[in-house]
Amino acid sequence: MSAERGLFSYPKYRGDNFKSAPFLPMSKAEMAKLGWDQCDIILVVGDAYVDHPSFGMAVVGRMLESQGFRVGIIAQPDWNSKDDFMRLGKPKLFFGVSAGNMDSMINRYTADKKLRHDDAYTPNNEGGKRPDRAVIVYSQRCKEAFKDVPVVIGGIEASLRRIAHYDYWQEKVRRSIIFDAKAELLIYGNAERPLVEVAHRLAAGEAISTLQDIRGTAVIRKEPLPDWRGVDSTAIDKVGKIDPVPNPYGADDVGCSSYSEFAQAGIDLSKPAEVEAKPILVQPPRQKPWEKTYVKLPAFEQVSVNKPLYAHASRILHQETNPGCARAIMQRHGDRSVWLNPPAFPLTTEEMDGVFGLPYQRVPHPVYGKAKIPAYDMIKTSVNIMRGCFGGCSFCSITEHEGRIIQSRSQESILREIEEIRDKVPGFTGVISDLGGPTANMYRLRCKNPKAEQTCRRPSCVYPTICEHMDTDQSPTVDLYRAARKLPGVKKVLVASGVRYDLAVEDPNYVRELVQHHVGGYLKIAPEHTEDGPLSKMMKPGMGAYDKFKAMFDKYSREAGKEQYLIPYFISAHPGTTDLDMINLALWLKERDFRLDQVQNFYPSPMANATTIYHTELNSLKNLKGNTESVPVPKGERQRRLHKALLRYHDPAGWPMIREALQKMGLSKLIGKGKQCLVPEETRDEKNLKPKAGGKIAVTKHTGMNPVKEALIRKQQQISKSSGQASFKKGKG
């Protein structure tokens with residue numbers, strides 16, 4: 001296994017005199033202006049090229065450029081032939097391929113598998129500028145263009161498909177994407193550390209076929225790496241009705257510091273390791289149990305047809321994600337296997353500062369002219385202060401991609417970026433739109449026990465309760481907020497990233513600072529649900545933490561003399577949710593007079609824990625045994641539509657479906673005018689518009705819409721005009 005090396009410790013490939021380009025070139029004409037006859041590395045990406053640290057390919061490109069490599073970008077190429085992939089010529093070292101900041105399938109289709117006609121990462125929000133499964137298509141075109149040039153795939157799309165995975169759009173298990181893309185190497189997670197090592201080793205003359213041991217990468221192999229010992233995954237997590245055996249992970253819910261395998265290896269995590277003194281012979285360091293060890297997962301051919309084995313493989317993968325103690329993973333696909341090296345080590349604060357301090361122009365490439373790129377407009381005055389998330393929400397893929405360990409920038413680096421925004425971004429009004437990251441209030445929060453952090457395999461540091469080792473002191477974030485507000489030319493600093501409220505209530509000083517100075521009237525938080533069934537499958541806290549945060553929010557808003565509101569987000573049709581759960585959530589919303597405008601049905605993204613539950617209907621969050629819990633999963637279109645309609649209980653278009661469901665469940669008492677009722681009784685207009693026995697509802701000439709639905713929608717539009725477009729009618733969250 002390759003050793004950890006500082007991100008900026010390599011000598012520049014083209015010497016210290018190599019200078020950065022104003023923009024990474026997108027054409028041969030731009031290359032000629034720079035005096036280049038060839039690119040060392042060409043990046044192919046599904047997004048428009050915006051030279052900003054919120055766009056992954058800009059970060060990757062500038063990072064490689066800082067190492068002395070000539071880097072070109074082919075953004076949103078025409079994938080119908082190889083021609084567009086040859087526009088910059090042949091790269092000297094390799095092609096780097098990514099679908100972009102979003103998974104191409106999620107970018108292209110809604111949660112209900114309906115085609116989207118827009119794309120926020122494309123000029124003028126134009127849809128259709130990238131193919132489905134972009135990584136596979138782009139990689140194959142690169143191979144057609146220059147068959148002898150290695151292809152390295154990465155980004156969120158490749159990262160979340162690194163082993164056999166359930167594909168929601170085809171409703172089947174697909175093999176690891178590295179096989180379909182025919183790529184030589186896959187980089188998962190944040191790419192800087194492994195990508196820099198790959199580039200320098202190739203530049204030094206190594207063949208890509210020899211780059212088999214780099215952390216954070218996956219490769220195709222016939223056999224395990226030499227001198228590695230294997231552990232069958234069923235020895236770690238049993239499947240089916242078998243006699244119980246000692247579990248090397250300890251309890252069902254893996255803890256931080258009590259694994260039997262570590263104890264057997266003589267490691268006491270509660271105190272420093274002691275080495276027995278030898279007067280003559282000095283013993284070499286004892287190998288840790290996870291070093292040079294790989295876990296053999298059930299083969300693709302097994303998990304593709306056997307749901308318990310799929311759930312088992314998913315569970316093992318999620319347990320082997322801590323860079324401090326993760327083992328390699330091997331999964332056979334036919335006569336070959338995908339080999340996942342352990343995750344790359346997180347970046348240090350100094351390295352994070354270096355990455356975000358690269359010479360970004362902070363605007364789109366000039367080739368786009370005056371065209372608007374919505375994703376850029378949304379983030380052009382925002383600042384990313386950290387990476388990673390230790391929340392472990394089962395429906396979210398941030399942890400699987402960026403890891404649980406928080407990687408924070410220094411306050412000085414963040415303030416410098418704010419000043420750059422002030423001085424560089426056209427039309428800056430003095431408002432920083434967001435100071436956050438995957439979660440707004442995890443800045444500089446890490447495990448207080450380094451040994452526990454190194455060996456922890458818990459999927460979440462805050463569920464079911466906040467781990468005793470987790471630092472919850474958010475004073476560094478408060479200090480950052482205060483320093484940002486004091487910068488000349490900065491009028492307002494907003495926090496638009498989601499706030500983890502169960503963490504926030506642990507530090508009232510943080511809540512006060514946030515509420516009184518950084519809320520622009522509305523603050524979004526994500527309870528996701530009110531009922532224990534779905535919450536337990538989401539790995540989210542109960543509503544007690546929400547109520548506590550709301551009380552603090554209201555109190556500090558009053559103290560500041562401000563009228564401010566909480567905007568809660570909820571997910572419908574999540575695994576573990578019954579129709580009754582959704583009715584109870586709808587009643588909770590109605591009692592508080594919430595009227596949600598935008599709601600989200602659960603979207604089964606690749607590799608997420610909740611997607612595994614969706615596919616298998618098994619609770620893979622616990623050890624898989626003969627009595628594995630069967631989980632209710634809303635799957636059919638009708639049930640998913642019902643759950644979404646219940647979240648929008650106030651919308652007349654959904655009332656017929658809700659009434660029918662309530663009647664079938666024996667809950668007709670919830671239909672009527674009373675406060676305890678969820679929807680009103682059927683109106684005379686609705687009855688008159690219903691078809692008579694044997695008849696059909698007419699379709700209007702102009703809209704082609706069912707007149708019942710059209711009348712209801714027209715009525716709702718009138719209500720909306722009179723009540724405004726707020727996310728709720730009234731009341732403070």
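The values are calculated or read from the model by the stated rules, or taken from the named source; none is laboratory data. Being a predicted model, the structure only gives us computed values, none of them experimental. All Cβ positions, even for glycine, are placed from backbone atoms using ideal geometry, and neighbour counts span all protein chains on display. Note: areas computed on protein heavy atoms with side chains; ligands, DNA, RNA excluded. Shrake-Rupley method; radii C 1.70, N 1.55, O 1.52, S 1.80 Å.
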### Query
Within the stretch 382-397, is even one residue touching a Gly at 6+ places or on another chain (Cβ under 9 Å), more than 18 Å from D51 (Cα to Cα), open to solvent by 30 Å² or more (accessible area, probe 1.4 Å) and of a type outside the set (A, V, I, L, M, F, W, C)?
no
### Task
Would you check which residues across the stretch 408-447 are over 25 Å from the mean Cα position of the chain (by Cα), surrounded by 15 or more Cβ atoms within 10 Å (Cβ to Cβ) and farther than 15 Å from L358 by Cα and list them?
R422, F428
### Filtered residue count, the stretch 504-559, keeping only those that are assigned to a helix (DSSP H, G or I), closer than 22 Å to K492 by Cβ and under 23 Å from the mean Cα position of the chain (by Cα)
1
### Query
Just wondering, is there one or more residues in the stretch 80-94 that are under 21 Å from E197 (Cα atoms) and touching a Gly at 6+ places or on another chain (Cβ under 7 Å)?
no
### Query
Quick one: P308 ticks every box in (1) crowded, with 21+ Cβ neighbours inside 10 Å; (2) modelled with pLDDT under 95 bar one, so which box is it?
(1)
## Note on the structure
When restricted to D547, D502, D479, the only residue at pLDDT 95 or above, under 19 Å from T399 (Cβ atoms), of a type in the set (D, E) and out of contact with any strand residue (DSSP E or B) (no Cβ under 8 Å at 6 or more places or on another chain) is D502
### Query
Considering the stretch 401-439 alone, what residues qualify as being out of contact with any Leu (no Cβ under 7 Å at 6 or more places or on another chain), within 23 Å of A344 (Cβ to Cβ) and assigned to a loop (DSSP other than H, G, I, E, B)?
G403, R404, I405, R409, S410, G437, P438, T439
### Task
Please state which of the following conditions A99 fails to meet, knowing it meets all the rest: (1) open to solvent by 10 Å² or more (accessible area, probe 1.4 Å); (2) under 26 Å from A145 (Cα atoms); (3) in contact with an Asp or Glu (Cβ under 6 Å, 6 or more places away or on another chain).
(1)
### Query
Taking the stated definitions as given, is K90 free of Cβ contacts under 8 Å to residues at least 12 places away in the same chain, basic (K, R), over 30 Å from P308 (Cα atoms) and surrounded by fewer than 16 Cβ atoms within 10 Å (Cβ to Cβ)?
no
## Note on the structure
Of the residues in the stretch 297-352, those that are charged (D, E, K, R) and not in a strand (DSSP E or B) come to E301, K307, R315, E320, R327, D335, E350, E351
### Criterion: touching a Lys or Arg at 6+ places or on another chain (Cβ under 6 Å) and either open to solvent by 40 Å² or more (accessible area, probe 1.4 Å) or β-branched (V, I, T) (or both) - qualifying residue of D471, D479, D532
D471
### Message
Which numbered condition in (1) free of Cβ contacts under 8 Å to residues at least 40 places away in the same chain; (2) touching a Cys at 6+ places or on another chain (Cβ under 7 Å) is the only one that V478 fails?
### Response
(2)
### Message
Can you list residue pairs whose Cβ atoms sit under 8 Å apart, with the first residue in the stretch 118-134 being farther than 14 Å from Y49 by Cα and in contact (Cβ under 8 Å) with a residue 12 or more places away in the chain and the second being crowded, with 19+ Cβ neighbours inside 10 Å and aromatic (F, W, Y)? Count only pairs 6 or more apart in sequence or on different chains.
### Response
P131/Y138
### Task
Name every residue in the stretch 17-31 that is touching a residue at least 24 places away in the same chain (Cβ under 8 Å) and open to solvent by 60 Å² or more (accessible area, probe 1.4 Å), in order of residue number.
S20, P22, K28
### Query
What are the residues in the stretch 114-165 that are among the basic types (K, R) and either crowded, with 17+ Cβ neighbours inside 10 Å or not in a loop (DSSP other than H, G, I, E, B) (or both), if any?
K129, R130, R133, R141, K143, R161, R162
### Task
Can you confirm whether the stretch 674-688 contains a residue that is crowded, with 18+ Cβ neighbours inside 10 Å, free of Cβ contacts under 8 Å to residues at least 40 places away in the same chain and outside any helix (DSSP H, G or I)?
yes
## Note on the structure
Scanning the stretch 195-213 for residues that are touching a residue at least 60 places away in the same chain (Cβ under 8 Å) and out of contact with any strand residue (DSSP E or B) (no Cβ under 8 Å at 6 or more places or on another chain), the one farthest from V97 (Cα to Cα) turns out to be D213
### Message
I'd like to know if the stretch 169-184 contains one or more residues that are at positive phi and open to solvent by less than 10 Å² (accessible area, probe 1.4 Å).
### Response
no
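Conditions tested, residue by residue: (1) at negative phi; (2) surrounded by fewer than 17 Cβ atoms within 10 Å (Cβ to Cβ); (3) touching an Asp or Glu at 6+ places or on another chain (Cβ under 6 Å).
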{"position": "M352", "(1), (2), (3)": "yes, no, no"}
{"position": "F356", "(1), (2), (3)": "yes, no, no"}
{"position": "V363", "(1), (2), (3)": "yes, no, no"}
{"position": "G369", "(1), (2), (3)": "no, yes, no"}
{"position": "K372", "(1), (2), (3)": "yes, yes, no"}
{"position": "M378", "(1), (2), (3)": "yes, yes, no"}
### Task
Could you check how many residues of the stretch 67-85 are in a loop (DSSP other than H, G, I, E, B) and in contact (Cβ under 8 Å) with a residue 24 or more places away in the chain?
9
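Conditions tested, residue by residue: (1) at pLDDT below 95; (2) closer than 24 Å to G354 by Cα; (3) under 22 Å from the mean Cα position of the chain (by Cα); (4) open to solvent by less than 10 Å² (accessible area, probe 1.4 Å).
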position	(1), (2), (3), (4)
K33	no, no, no, no
W36	no, no, no, no
V45	no, yes, yes, yes
H52	no, yes, yes, yes
L64	no, yes, no, yes
K82	no, no, no, no
F85	no, no, no, yes
### Query
Any residue in the stretch 381-400 that is in a helix (DSSP H, G or I) and among the polar types (S, T, N, Q)?
yes
### Message
Regarding the stretch 67-76, can at least one residue be identified that is within 25 Å of D180 (Cα to Cα), among the basic types (K, R) and open to solvent by 30 Å² or more (accessible area, probe 1.4 Å)?
### Response
no
### Message
Out of the residues in the stretch 189-215 meeting the condition of being buried (at least 24 other Cβ atoms within 10 Å of the Cβ), touching an Asp or Glu at 6+ places or on another chain (Cβ under 9 Å) and small (G, A, S), tell me which one is modelled with the lowest pLDDT.
### Response
G189
### Task
Determine the pairs where a residue that is closer than 10 Å to K537 by Cβ, located within the stretch 619-642, has a partner that is assigned to a loop (DSSP other than H, G, I, E, B) and among the aliphatic types (A, V, I, L, M) with Cβ atoms under 6 Å apart, the partner being 6 or more residues away or on another chain.
N619/V631
### Query
Within the stretch 333-343, is there a residue that is over 24 Å from the mean Cα position of the chain (by Cα) and crowded, with 21+ Cβ neighbours inside 10 Å?
yes
